[in-house]
Each structure stands twice: as C-alpha cells, then as structure tokens.
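Notes follow once the structure below has been shown.
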Amino acid sequence: MSYGPSLTDGYRQVGVYTGQILKGAKPADLPVVQSTKFEFVINLKTAKELGIKISDNLLAIADEVIE
C-alpha cells in the first residue's frame with residue numbers, strides 16, 4: 001500500500017513553474033505549493049504473495065489497485 005501526493009499533479013505544477021520562469025518571473029518570488037491531491041494505491045498481487053487479506057472496504061476506497 002502507498003499513500004502519497006499525486007505524481008501527475010506534481011509534474012503539472014513543475015510545468016506551471018517552468019512557464020512562469022520562462023516568462024520572466026524570479027524563482028525566489030514564486031510561492032511554494034503543497035500537494036492537495038493524494039493517491040492511495042494497493043498492490044494486491046504482493047499482498048496475496050505475503051498472505052495478507054485486504055478488505056473489500058479498503059479496496060473500494062483505493063485510487064488504484066494493482067492486480
């Protein structure tokens with residue numbers, strides 16, 4: 001299981017920063033942005049190999065399930 005910031009959202013923010021810098025903004029003047037979107041991923045294949053039973057409720061709330 002993994003719970004962390006969305007990588008695609010992070011890449012999008014890097015693009016926004018790059019665009020602002022290319023337009024002439026100073027990097028020191030750009031605000032620090034915290035992630036607001038998080039992803040919950042369950043690796044069901046590994047859980048089965050380890051003999052761990054994942055409840056259906058937990059699987060239902062996962063953003064991604066790796067089978």
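The values are calculated or read from the model by the stated rules, or taken from the named source; none is laboratory data. Small disclaimer: the values here were computed from a predicted structure and weren't measured. Quick reminder, even Gly has a Cβ in these numbers, built from the backbone with ideal geometry, and neighbours come from all protein chains shown. SASA here: full protein model, heavy atoms, side chains in, ligands and nucleic acids out. Shrake-Rupley method; radii C 1.70, N 1.55, O 1.52, S 1.80 Å.
Close contacts from the stretch 2-29, counting a first residue that is under 19 Å from residue 63 (Cα atoms) and a second that is open to solvent by 100 Å² or more (accessible area, probe 1.4 Å) and in a loop (DSSP other than H, G, I, E, B), with Cβ to Cβ under 6 Å and a gap of 6+ residues or different chains, come to 6/37; 9/37.
Out of all the residues in the stretch 38-59, which are open to solvent by 70 Å² or more (accessible area, probe 1.4 Å), among the hydrophobic types (A, V, I, L, M, F, W, C) and over 19 Å from residue 5 (Cα atoms)?
Taking the stretch 38-59 as the starting set, the residues that turn out to be open to solvent by 70 Å² or more (accessible area, probe 1.4 Å) are 38, 45, 48-50, 52-53, 56-57.
Narrowing further to those that are among the hydrophobic types (A, V, I, L, M, F, W, C): 38, 50, 52.
Of everything in the stretch 38-59, those that are open to solvent by 70 Å² or more (accessible area, probe 1.4 Å), among the hydrophobic types (A, V, I, L, M, F, W, C) and over 19 Å from residue 5 (Cα atoms) turn out to be 50, 52.
Here residue 14 does not qualify as outside any loop (DSSP other than H, G, I, E, B), aliphatic (A, V, I, L, M) and within 10 Å of the chain's Cα centre (by Cα).
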